[in-house]
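The values are calculated or read from the model by the stated rules, or taken from the named source; none is laboratory data. As the structure is a prediction and not an experimental result, all values here were calculated from the model. Note: ideal-geometry Cβ built from the backbone for every residue, glycine included; neighbour counts use all protein chains shown. Side chains included, ligands, DNA and RNA excluded: accessible areas come from the protein's heavy atoms. Shrake-Rupley method; radii C 1.70, N 1.55, O 1.52, S 1.80 Å.
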Amino acid sequence: MIIDTYLNFTTDTPGYWEGFWDRNDGLGGGGADPDSKSPTLKKYHQILWSKQLPNGDFMELQPGNSQHYLLWKDFEFSSDSIIVELRYCRNRHIIEQVKERVGDYKKYYEDLIRKSYTIGGMTIFPMHSQSINQRRGCSTKISDRWDLTLECIRRYYKGQESPLYNTLEKDKSFFDLFVDFKGYVDYFFFQDAVSEDYSSANIWCGKGDFSEDGLPKTVDEYFSFIEKELEFLDKRNKRIRDYCKAKNL
């Protein structure tokens, strides 16, 4: 098979692990970003998402040059990781409690990162200034969480407000490709992050109504969030494996 759902993209991202724990004020950070520097990830995105769209068109992605990731028609796409460890300075009080719980703190996070950087933890979005990638990380109501991002996308298709509504509206031509929320979810294999009838996103932590900060409030809530993330990741990787077997990819 061309697509290996067990491969983690830090393996072909030059310099990712060099000086990792010296960055982000001791919370750790990669020396390079697999989203832009892993050639295998770029190839996987190109293969997986080049297929017929719900609107009847066929998206045939082409690799761009060093400044342009993937291209199709008037669209330019970038890669985005959707599985997060929430190792933020403003979340340090929770991370410190994680250290006390897990024993080998560095191994815990290194293992988590390697698992999260498999293809099931990645997607693509239109690439431009103030893109979805940027805004969902900057919004404290989202805190880069995929469950809350997907709920924003669901609300967008319903014409309902959310912290990302205006950002998503700027990419209307992209979301129109999928016709509706179900079309978007099915195209990118996000079924295990939504309810069976597609009427809601599965919220992994908190209320999910954007009335509060997106970060977990307790260390137990944090571990529960990570567990639900990884459960979704495993299921999405399996969906991708099944698709690849059926398509001989």
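Leaving out ligands, DNA and RNA, what percent of the accessible area of the stretch 175-249 is carbon and sulfur, probe 1.4 Å? Could the numbers behind the result be given before it?
On the way: 1620 of 3490 Å².
Exposed carbon and sulfur together represent 46 percent of the surface.
Using alpha carbons only, how many angstrom separate the centre of the stretch 93-134 from the centre of the stretch 45-63?
If you average the Cα positions of each part, the centres end up 27 Å apart.
When we measure straight from the Cα of Lys106, which lysines land under 16 angstrom away, once same-chain ones fewer than 8 places off are left out?
Qualifying lysines at Cα under 16 Å: Lys115.
Note down the net charge around His128, summing +1 for each Lys or Arg and -1 for each Asp or Glu among other residues with Cβ under 10 Å from its Cβ.
Around His128, the charge tally is -1.
Shape of the stretch 128-249 from its Cα gyration tensor (a ≥ b ≥ c, root eigenvalues): rounded if a/c is under 1.5, otherwise prolate when a/b > b/c, or oblate?
oblate
Suppose every K and R has +1 on its Cβ and every D and E has -1 on its Cβ; what is the size of the dipole of the chain about the Cα centre, in Debye to the nearest 20?
Dipole of the chain, to the nearest 20 debye: 260 debye.
When a/c is below 1.5 the answer is rounded, else prolate if a/b is larger than b/c, else oblate, so apply that to the stretch 43-144 with a ≥ b ≥ c taken from the square roots of the Cα gyration tensor eigenvalues.
Prolate shape, in that a/c is at least 1.5 and a/b is the bigger ratio.
Once fully extended, how much extra length lies between Lys99 and Glu161, figured as 0.36 nm per residue of separation less the alpha-carbon to alpha-carbon distance? Walk me through the numbers on the way to the answer.
Working: separation 62, 0.36 × 62 = 22.32 nm, distance 3.75 nm.
Length gained between Lys99 and Glu161: 18.6 nm.
In Å², and per residue, what accessible area does the chain have when probed at 1.4 Å with the other protein chains present?
Working: 11420 Å² over 249 residues.
Heavy-atom accessible area per residue stands at 46 Å².
How big is D, in µm² s⁻¹, for the stretch 1-82 by Stokes-Einstein at 20 °C and 1.002 mPa s if Rh is the Kirkwood radius over C-alpha pairs?
Details: Rh = 14.3 Å.
My calculation gives 150 µm²/s for D.
If you take the Cα atoms of the chain, find Rg, then find the Kirkwood Rh from the mean of 1/r over all pairs, what is Rg/Rh? Intermediate values should be presented prior to the final figure.
Values: Rg = 17.7 Å, Rh = 18.8 Å.
Dividing the radius of gyration by the Kirkwood radius yields 0.94.
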